[in-house]
Amino acid sequence: MLLLNRHEVESLLDLDRLVEALGPAMAELSAGRVSMPPRLVVQVRERGGLLGDMPVFLASTQTLSTKLVTVFPENAALGLPSHQAVILVFDAHTGSPRAMLDGTAITALRTAAGSALATKLLARPEASILAIVGTGVQARAHAKVIPCVRPIKEVRVVGRNRARALALAEEIARGLGIPTKAFEVGKEAFAGADVICATTHSAEPVVKGAWLEPGVHVNSVGLNPNGPELDGEAVRRALVVVETREAALAPLPSGSTDLRWAIRDGLIREEHIHAEIGELISGARPGRTSPDQITLYKSVGVAVQDAVAARLVLEAAEQRGVGREIAI
């Protein structure tokens, strides 16, 4: 079995190829050609954490894999990632274990790549101002990937902790060469923004509908069973696109608090979900229909995205001779 660590995964995963490869896979998922049961979740209530199991079989590429992922929001205080994971890939013909990959890096990058795909499909072509809410791993991943699909000329880091927001703004400016500013959470941070990426574990809304200007596209990847990172008005005002309706509307803690609470409060009905991302890819549903439309991609993470990323990593590892073979 091939073993690949985090550094190797990050060096092998081509982000442009990942964004491109996610499209057909998401279309297959929406067409019912992927075997992907609902995520199994166990909660560690005393720590506010969870362990999820996410198996999938993608027949078109013969990718059979599962991800074991933990989400512990309090890890930031310990200097640890909130999301930690391993991905196991099996031979689709024999069922034999084929590889074990660091899943922490893949989770971060495939989530941001999913947002990039949604941005490519839904944001206005000229979108150039990116506001990222959050200062953690997902904020960094989104800063890296979104400029791959839109001509970003300005980045705003919007944080509840000003010191962290300033530090990340400096890091992004140095690393990407894009002018970057730090903002506190509020209406001013989103004035004139073309793309907003909400990447927090906040149980209180950090993006409100009253702050959204016509034409903005919002990506929301935060998942907290105790509360939404978007308020109900933001969801109500937007054309809503998800990975799958089943995953987005699954019982908490797996499903989207943002959508679930908006439904609970009577602001929307389940039918408010306009499309799955795969339906936009296949043309089964339209995307943005006017420059002033507010669009929202609400992500909860699905296993097929991990499978796509793992396959790309393994292909690159085999071509370059990277990794270590271990016996189990």
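Report yes if some residue within region 294-315 is in contact (Cβ under 8 Å) with a residue 40 or more places away in the chain, farther than 25 Å from Pro125 by Cα, under 19 Å from the mean Cα position of the chain (by Cα) and surrounded by fewer than 17 Cβ atoms within 10 Å (Cβ to Cβ); otherwise report no. No; the residues of region 294-315 include none that is in contact (Cβ under 8 Å) with a residue 40 or more places away in the chain, farther than 25 Å from Pro125 by Cα, under 19 Å from the mean Cα position of the chain (by Cα) and surrounded by fewer than 17 Cβ atoms within 10 Å (Cβ to Cβ).
Restricting Gly323, Gly255, Gly266, Gly278 to those that are free of Cβ contacts under 8 Å to residues at least 12 places away in the same chain and small (Gly, Ala, Ser) reduces the list to Gly266. When residues in region 51-68 are screened for being surrounded by 14 or more Cβ atoms within 10 Å (Cβ to Cβ), over 15 Å from Ala247 (Cβ atoms) and not small (Gly, Ala, Ser), 8 of them pass. Kindly indicate whether Val42 is surrounded by 15 or more Cβ atoms within 10 Å (Cβ to Cβ) and of a type in the set (Val, Ile, Thr). When the stated conditions are applied, Val42 does not pass them. Set side by side, the residues Leu109, Leu80, Leu117, Leu88 differ, and just one is without any contact (Cβ under 8 Å) to a residue 12 or more places away in the chain and either outside any helix (DSSP H, G or I) or under 17 Å from the mean Cα position of the chain (by Cα) (or both), which is Leu80. Here the condition is being part of a loop (DSSP other than H, G, I, E, B), buried (at least 19 other Cβ atoms within 10 Å of the Cβ) and not assigned by TED's automatic domain parsing to the domain that holds Asp91; of Gly287, Gly266, it holds for Gly287 alone.
Looking only at residues of region 141-166 that are closer than 22 Å to Ala191 by Cα and small (Gly, Ala, Ser), we find that the one that is nearest to the chain's Cα centre (by Cα) is Ala143.
Per the conditions (1) within 30 Å of Leu13 (Cα to Cα); (2) crowded, with 19+ Cβ neighbours inside 10 Å; (3) touching a strand residue (DSSP E or B) at 6+ places or on another chain (Cβ under 9 Å); (4) not hydroxyl-bearing (Ser, Thr, Tyr), the sole criterion not satisfied by Gly255 is (3).
The values are calculated or read from the model by the stated rules, or taken from the named source; none is laboratory data. Every value quoted in this text rests on a predicted model; they were computed, and no experiment measured them. Please note: Cβ atoms are built from the backbone with ideal geometry, for glycine as well, and neighbour counts cover all protein chains shown.
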